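These notes concern the structure reproduced below.
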Amino acid sequence: MAELDTSGGGKHKGGKVRTKKKATRVDLTAMVDLAFLLITFFILTTTLNKPKALELIMPDKSDHTKQLPVPETKTMTLLLGKNDKLEWFVGRAGATQPAIINYGKGKDGLRQTLIEQNQKIKDTHNGEPMIVIVSPSAESTYKNVVAVMDELNIVDIEQRAIVDILPADIVLLKRDGLL
């Protein structure tokens, strides 16, 4: 129990005789109880960090009637490898030399590459946007896939697909030391 004592006065030699002041006693038990009740209330009613999930809308696998042919010159393939590196090429694997980049924002980063390639494809295909194929490997992480999807959102590329990695793509990643 907490107590506040503000007693003052006492007997002084010489001088006037003063009346003795009574001690003021404040009981803090109710305030401590209220503090613990409020702490308990806020702990129980607050939410902890909610898990973050990447929202993807996947097509129905049974519906194969709506697949349209896509020119290879409009597609950019991103092969996600290990050590936060990725390899990209436009068209078919082996038709063009793949390049290795990182996920950063600099001149050799993913964002700049997406902007440049999207502009080149728009220029050569009468303004039609680029289609990006994302192929995560066994060595890539979930963080890498989320980073690619975020960059695609930032650059405003809406036509994209996440597909299983092909054997030819695995050969490329192994050749370049990304798998």
*Within the range 146-178, count every residue that is in contact with a Pro (Cβ under 8 Å, 6 or more places away or on another chain) and surrounded by fewer than 17 Cβ atoms within 10 Å (Cβ to Cβ).*
4
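Of all strands (runs of 3 or more DSSP E) completely enclosed by the range 39-145, which ones contain at least 1 residues that are over 20 Å from ASP164 (Cα atoms) and at pLDDT below 90? Steps first, answer last, please.
Values: elements: 75-80, 85-90, 99-102, 131-136.
The strands (runs of 3 or more DSSP E) meeting that bar are 99-102.
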_The conditions are (1) charged (D, E, K, R); (2) farther than 30 Å from PRO51 by Cα; (3) touching a helix residue (DSSP H, G or I) at 6+ places or on another chain (Cβ under 6 Å), and GLU151 fails exactly one of them. Which is it?_
(2)
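Would you check if ASP33 is part of a loop (DSSP other than H, G, I, E, B), surrounded by 10 or more Cβ atoms within 10 Å (Cβ to Cβ) and at pLDDT 85 or above?
Against the criterion (part of a loop (DSSP other than H, G, I, E, B), surrounded by 10 or more Cβ atoms within 10 Å (Cβ to Cβ) and at pLDDT 85 or above), ASP33 does not qualify.
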*Failed criterion for VAL163 (all others in (1) modelled with pLDDT under 90; (2) over 30 Å from LYS52 (Cα atoms) hold)*: (2)
*Mind listing whichever residues of the range 118-132 are crowded, with 18+ Cβ neighbours inside 10 Å and either of a type in the set (Ser, Thr, Tyr) or under 22 Å from LEU178 (Cβ atoms) (or both)?*
VAL132
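The values are calculated or read from the model by the stated rules, or taken from the named source; none is laboratory data. Computed from a prediction, not measured in an experiment: that's the story for all the values here. Reconstructed Cβ throughout: ideal geometry from the backbone, glycine too, with neighbour counts over all protein chains shown.
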